[in-house]
Amino acid sequence: MSNPPQVRIYADFNGLVRGVVNPTRTAVVLDTFGSVRDLSNAGVVLSPGLPLIAYDESDESEDLEGHGTAQYDPKRRWWVVEFDEVGVRDVPRVGQVPEAAFHCVRCRLPVAGVAYNTLGAPGLCCKNCGTSVMAAISPPA
């Protein structure tokens, strides 16, 4: 049985913090519009230990990238990708173009009205199934 491919999501590497499980490791907070959009569009709801690849654009030829696992910090009430022992690395730019549409993490249909400045608006949900646009990064049960 093969492992599922890791999801590659945007994260703002200006938001680096200490790891939740291993404080000697570096982690990046998953609280940006790009992170939520990429997770939702991939149909991924975060859970502790979920393997992820976080990236940030570095320049025209390179991206910053870190492989790790999703971890929830209950004190700060946010999700991070806690990087593996290699940490952050420079990689050739993949050319990933963010999808303009924002899809519901549950029913996968486009959700109208979701934008950078509306993401955290109270009650912003999928009109089809009622799932919150923030469901991908909701706290663990």
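Computed from the coordinates by the stated procedures, all read-outs in this text should not be read as laboratory data. These numbers come from a predicted model, not from an experiment.
Summary value for the stretch 1-62: 43 percent relative contact order, contacts being C-alpha pairs under 8 angstrom separated by 6+ residues.
What's the angle, to the nearest 10 degrees (0 to 90), between helix 33-42's Cα axis and the longest principal axis of the chain? It is inclined by approximately 80 degrees.
Report the rotationally averaged projected area of the chain based on its alpha-carbon convex hull, in square nanometres.
Taking a quarter of the hull surface, the average projection is 9.5 nm².
Binning the alpha carbon pair distances of the stretch 79-141 at 10 angstrom intervals from zero yields the distribution 18, 37, 29, 16, 0, expressed in whole percent. Each helix, a run of at least 4 DSSP H residues, gives -39500 (n - 2.57); summed and divided by the residues of the chain, these come to -2000 deg cm²/dmol at 222 nm.
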